[in-house]
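Let me begin by presenting the structure, written as structure tokens, before commenting on it.
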DNA sequence: TCTGGGGTCCTAGGACCC
DNA sequence: TCTGGGGTCCTAGGACCC
């Protein structure tokens with residue numbers, strides 16, 4: 001059965017920066033970056049100088065002396081992105097949002113109403129431009145992977161439709177880095193073998209690629225082939241893990257400081273879990289040292305965790321255990337980041353409290369200690385709901401905000417639980 | 001005198017079970 | 001004296017995405 005390019009990938013251009021330029025006309029046409037210590041996003045005018053998101057502010061200024069840094073209007077990002085998504089939903093209910101500013105659409109059921117995919121895509125772009133004021137690029141193809149590549153090629157502010165008959169011609173000259181899953185490391189390895197384009201990659205002997213890069217790349221190549229799974233647009237998905245991290249420059253890992261940071265992270269993670277009646281059996285911590293090397297330690301318990309104090313305790317045990325284990329390592333004198341993540345998530349209705357009381361263990365919500373903590377946490381959650389996050393909390397947590405990033409920005413990146 | 005914060009997925013080895 | 005094979009879960013590390 002022949003299928004047309006009915007999968008669309010819609011991707012707002014330089015989203016945060018475009019919003020800033022929309023809100024403040026004096027910024028339009030100028031090289032701007034959102035952020036400070038690190039570039040969270042930048043305008044196309046800044047990209048022309050080589051500025052990229054994730055880059056340190058220091059390096060960005062070196063590349064582009066005229067760069068203007070602006071503080072983010074994070075609430076507006078959420079509001080405007082949601083408005084864009086509602087435009088997409090006007091076209092089809094089959095929308096898979098994959099981040100704040102991009103989504104896949106399956107318009108195969110909409111062509112009889114709105115016309116061919118190219119027309120639908122053009123209409124989306126026009127509406128987002130007229131009604132919201134933002135540039136958006138759209139790619140249309142037979143699969144999600146191809147549609148995403150097409151939208152990247154379309155940027156900025158463009159539309160690219162990949163005709164099923166000319167897919168290979170379209171792909172061959174493109175840089176391998178446009179493929180989903182080919183990042184800087186893989187790109188560098190391929191470049192060492194003289195492979196820069198998708199065509200060159202397709203022509204390379206698979207055995208050589210396999211010995212060099214493992215099986216990963218083979219699956220990425222085959223992902224370009226058309227199959228049903230590549231086409232399926234899944235309207236929604238739940239997150240499989242919840243985490244929080246904090247970078248704080250270089251610090252000695254003094255117990256007092258480490259406890260304070262972990263308490264704060266555990267508070268954020270556990271609060272989000274409880275808000276969605278979720279809990280997780282696996283707790284993972286990550287420690288990054290001054291030299292950027294990082295290690296992880298995890299523990300999977302019998303009972304799902306969502307109590308702030310329990311999560312804090314487990315995280316402390318994992319972190320201090322790892323630090324003791326590396327006390328001799330020359331590179332572990334200073335740490336630069338701590339993270340906590342909870343996975344193996346399960347639903348945890350309040351019903352669970354009514355389980356028979358088992359011997360008291362902190363991580364068991366059916367135990368006396370677990371129930372007490374659950375009750376305290378829910379009291380705190382309720383007070384915060386009414387008076388705000390800073391109204392109440394555990395002592396070590398309420399004190400400090402090490403993160404250089406506002407909570408509003410953190411919330412932007414959170415996935416649906 | 002730099003390197004944020006939220007996630008996903010994959011691999012490899014070991015423990016353990018049948 | 002020899003020691004299969006498959007499956008699942010867990011841990012650690014790493015690449016990648018936005």
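Bear in mind that the values in this text are calculations on the coordinates, not laboratory data. Computed from a prediction, not measured in an experiment: that's the story for all the values here. Virtual Cβ from ideal backbone geometry, glycine too; neighbours counted across all protein chains shown.
Would you please give the FRET efficiency between residue A:417 and residue A:130, computed as 1/(1 + (r/R0)^6) with r the Cβ-Cβ distance and R0 = 45 Å, to the nearest 0.05? Could you put the intermediate results ahead of the total?
On the way: r = 34 Å, r/R0 = 0.76.
Calculated transfer efficiency: 0.85.
Could you tell me the calculated FRET efficiency between residue A:3 and residue A:328, based on Cβ-Cβ distance and R0 = 51 angstrom, to the nearest 0.05?
Numbers: r = 60 Å, r/R0 = 1.18.
For R0 = 51 Å, the calculated efficiency reads 0.25.
Take residue A:180 and residue A:28, extend 7 Å from each Cα along the Cα→Cβ direction, and tell me the distance between the two endpoints in nm.
My value for the distance between the label points is 3.4 nm.
Under the rule a/c < 1.5 gives rounded, and otherwise a/b versus b/c splits prolate from oblate, where does the stretch A:107-153 land using the Cα gyration tensor?
Since a/c reaches 1.5 but b/c is at least a/b, the shape of the stretch A:107-153 is classed as oblate.
Specify whether the C-alpha gyration tensor of chain A places it in the rounded, prolate or oblate class, a ≥ b ≥ c being the square roots of the eigenvalues: rounded for a/c under 1.5, otherwise prolate if a/b is larger than b/c and oblate if not.
Here chain A falls in the prolate category.
At a threshold of 8 angstrom on Cα-Cα distance, excluding pairs fewer than six apart, so keeping six or more, what relative contact order does the stretch A:1-53 reach in percent?
Across the stretch A:1-53, relative contact order equals 28 percent.
Where both partners of a DSSP beta bridge lie in chain A, what percent of those bridges are antiparallel, to the nearest 5?
85
Please work out the FRET efficiency for the pair residue A:350 and residue A:98, using the Cβ-Cβ distance as r and a Förster radius of 22 Å; give the result to the nearest 0.05.
The pair residue A:350/residue A:98 has a calculated efficiency of 0.10.
As a check on your grasp of the helix formula, calculate [θ] at 222 nm for chain A: sum -39500 (n - 2.57) over DSSP H runs of n ≥ 4, divide by the residue count, round to the nearest 500.
Working: 18 runs with 174 residues, N = 417.
Only helices count here, giving -12000 deg cm²/dmol.
Pairs of Cα atoms under 8 Å, at least six residues apart: use those to get the relative contact order of the stretch A:35-103, whole percent.
Relative contact order, the stretch A:35-103: 24 percent.
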